[in-house]
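Participant: Okay, handing you the structure first.
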Amino acid sequence: KQDCQVVVAGEQYNKQTIIKCMDVDVTLKITERMESRTKEEPPRKAVPGRYEFSHSQFTRELVATNEFTLKLDTKEHAWEFADRIRKKFKDTKRQKLEDILHKVAQSIRGLAQAVLNQRRAHEEAEKRREEAAAREAAAEKVRAQMWAKIEAEQRKVDALLADASTWTKSQQLRRYITAV
């Protein structure tokens, strides 16, 4: 109903449930809380001459509690856009996961929308960076052209001063020659 697609991807021991919603992959992970319980072993026959510690009479075993946790995540962490979206759902005394699947679906859509918003924001920021870089490049080009004009004018001034100095020296030499 939400126009999403559920896919199981991965290899035999590394499978993931992925919900493709609005061109965004949302991973779904379900875990069950396990409880460690002590199990008493039946007493073994004592071996003559051997001492056995009493802790050897007990073993630990993990027992399922039927308390499930469902976690949603995306590869693109949209922290700034998804901060108010619930990403973890647990079985509690008052509610079971089965009863709040509509909230899970809302969160999946919300996460997908948050990722899309983040993508859009990144694209806009990248576009602004590119525009700023283009403006800076244009300004640098104008500065380079201005410096080229300034350097050309400076060369003309230097040539004019050199010519004036040469002319002054030639006038001085002419007067000297005439006097001599």
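Participant: Check 101, 72 and return the single one that is assigned to a helix (DSSP H, G or I) and either surrounded by 10 or more Cβ atoms within 10 Å (Cβ to Cβ) or modelled with pLDDT of 85 or more (or both).
Facilitator: 101
One line per residue, one yes/no per condition, for (1) under 28 Å from residue 84 (Cβ atoms); (2) open to solvent by less than 90 Å² (accessible area, probe 1.4 Å); (3) acidic (Asp, Glu):
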{"residue": "117", "(1), (2), (3)": "yes, yes, no"}
{"residue": "131", "(1), (2), (3)": "no, yes, yes"}
{"residue": "156", "(1), (2), (3)": "no, no, no"}
{"residue": "162", "(1), (2), (3)": "no, yes, no"}
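Participant: Next question. For residue 95, all conditions in the list (1) assigned to a helix (DSSP H, G or I); (2) of a type outside the set (Ser, Thr, Tyr); (3) modelled with pLDDT under 95; (4) open to solvent by less than 70 Å² (accessible area, probe 1.4 Å) hold save one; what is the number of the exception?
Facilitator: Here residue 95 clears every test but (1).
Participant: Next up: Hey, among 29, 15, 39, which residue is assigned to a strand (DSSP E or B), open to solvent by less than 100 Å² (accessible area, probe 1.4 Å) and either over 24 Å from residue 89 (Cα atoms) or at pLDDT 80 or above (or both)?
Facilitator: Among 29, 15, 39, only 39 is assigned to a strand (DSSP E or B), open to solvent by less than 100 Å² (accessible area, probe 1.4 Å) and either over 24 Å from residue 89 (Cα atoms) or at pLDDT 80 or above (or both).
Participant: Same structure again: Would you confirm, using the coordinates I've provided, whether residue 59 is at pLDDT below 85, of a type in the set (S, T, N, Q) and outside any loop (DSSP other than H, G, I, E, B)?
Facilitator: Yes: the conditions hold for residue 59.
The values are calculated or read from the model by the stated rules, or taken from the named source; none is laboratory data. Owing to the predicted nature of the structure, the values given are computational and were not obtained by experimental measurement. Neighbour counts run over all protein chains shown; Cβ positions are idealised from the backbone, glycine included. In case anyone asks, the SASA skips ligands and DNA or RNA and just uses the protein heavy atoms, side chains included. Shrake-Rupley method; radii C 1.70, N 1.55, O 1.52, S 1.80 Å.
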